[in-house]
Amino acid sequence: MRRLATLAVVVLAGAGLAAAALAAQSPKSLRASIFAAARAQRSVHYVTETSGNGSVTIVADAGRTRGLQRITYAKGGQSGHVTVIVANDTAYVRGDEFTLHGFLGFSQAQAARYANVWIRVPHQSHLYSAVAAAVTLPSFLDEIYPRTGLARVSRRVNGVALVGVRGFTRHQGIPFVEGVYARAGAKPLPVVEVEATPGASFRSSTAIDRWNEQLRINVPQHALPIVGTA
């Protein structure tokens with residue numbers, strides 16, 4: 001019991017020192033600490049909920065070189081689904097016509113042609129960056145990275161105190177206010193990300209957890225190569 005108590009004191013003291021070190025960091029240094037910890041991991045699970053011009057739910061498992069997103073999209077009383085897999089610098093997509101067109105931006109003709117079948121989008125395609133966004137761990141971290149106008153922020157989630165950085169970024173030329181929050185400690189991994197457009201016409205919240213779980217992602221074997229332009 002004495003050994004366990006001594007260990008607990010050492011662990012708590014170490015956590016306290018780590019928290020104090022984070023508290024002393026500038027916003028830029030805190031951002032560096034959070035993202036350095038995240039980039040050192042192998043994988044992550046996240047769930048994103050968005051609202052504004054329709055609603056979107058994304059449930060994803062992202063690894064360093066491959067990942068999987070399951071997306072639900074709703075707008076105007078309609079809803080649909082699409083699954084995106086990224087592996088070997090190639091995106092594989094399967095979704096209904098409504099979601100391919102309304103969410104991924106395929107033309108109406110392409111959405112009708114490729115509805116409910118697996119298609120293959122190579123890295124060289126101009127569609128790849130939009131389709132593959134935030135599917136792998138590096139692209140996900142790039143998506144949630146506040147870039148300018150940094151400020152330290154804090155919040156509590158389920159009673160847990162979090163420390164974070166809020167700033168500004170752009171996605172597809174649109175400005176966003178973005179905040180990333182992590183637990184204070186020696187390994188300050190992101191727990192929550194929130195973002196909104198100025199005026200909050202669009203809002204998004206992402207719960208981030210299950211770091212380093214083993215991913216089982218099967219690449220479709222008979223995906224159709226996408227042709228034409230969207």
Discussion item. Out of the residues in region 35-49 meeting the condition of being outside any loop (DSSP other than H, G, I, E, B) and charged (D, E, K, R), tell me which one is surrounded by the most Cβ atoms within 10 Å (Cβ to Cβ).
Written reply: GLU49
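So, of the residues in region 123-152 that are more than 20 Å from the chain's Cα centre (by Cα) and at pLDDT below 95, which turns out to be nearest to GLU178 (Cα to Cα)? Full working, then the answer.
Of region 123-152, the ones more than 20 Å from the chain's Cα centre (by Cα) are 124-126, 149, 151-152.
Pick out the ones that are also at pLDDT below 95 and you get 124-126.
On the way: GLN124: 29, SER125: 29, HIS126: 26 Å.
Applying the filter and picking the extreme gives HIS126.
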Practice prompt. Considering each of GLY52, GLY105, GLY63, GLY67 in turn, give the residue that is under 23 Å from VAL117 (Cα atoms) and either crowded, with 16+ Cβ neighbours inside 10 Å or touching a strand residue (DSSP E or B) at 6+ places or on another chain (Cβ under 7 Å) (or both).
Written response: GLY67
Item to complete: Go through region 177-209 and count every residue that is in contact with a Pro (Cβ under 8 Å, 6 or more places away or on another chain) and either at pLDDT 95 or above or outside the structural domain of GLY159 (by TED's automatic domain parsing) (or both).
Response: 7
Fill in: Residues (assigned to a helix (DSSP H, G or I) and of a type outside the set (Gly, Ala, Ser)) located in region 134-150
LEU137, PRO138, PHE140, LEU141, ASP142, GLU143
Worksheet item: Only one residue in ASN212, ASN218 is modelled with pLDDT of 95 or more and either on the phi > 0 side of the Ramachandran plot or surrounded by fewer than 10 Cβ atoms within 10 Å (Cβ to Cβ) (or both), so which one is that?
Response: ASN212
Worksheet entry | Subset of region 113-142 [charged (D, E, K, R) and touching a Ser or Thr at 6+ places or on another chain (Cβ under 8 Å)] | ARG120
Practice prompt. Check LEU137 against each of (1) closer than 16 Å to GLU193 by Cβ; (2) touching a Phe, Trp or Tyr at 6+ places or on another chain (Cβ under 8 Å) and name the one condition it does not meet.
Written response: (2)
Discussion item. Need pairs with beta-carbon distance below 6 Å; first residue within 14 Å of VAL194 (Cα to Cα) and of a type outside the set (Val, Ile, Thr) and within region 41-54, second crowded, with 18+ Cβ neighbours inside 10 Å and at pLDDT 95 or above; sequence gap 6+ or separate chains.
Written reply: TYR46/ALA60; TYR46/THR206; TYR46/ILE208
Worksheet entry | Hits in region 78-110 - residues which are over 21 Å from GLY54 (Cα atoms) and modelled with pLDDT under 95 | ASN88, ASP89, ALA109, GLN110
Fill in: Filter result for ALA132 (small (Gly, Ala, Ser), in the same structural domain as GLN108 (by TED's automatic domain parsing) and under 28 Å from THR65 (Cβ atoms))
yes
Fill in: Sole residue being touching a Lys or Arg at 6+ places or on another chain (Cβ under 6 Å) and in a strand (DSSP E or B), chosen from VAL192, VAL153
VAL153
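The values are calculated or read from the model by the stated rules, or taken from the named source; none is laboratory data. The structure displayed is predicted, hence computed values, not measured ones. Cβ coordinates were reconstructed from backbone atoms using ideal geometry, including for glycine residues, and neighbour counts include every protein chain displayed.
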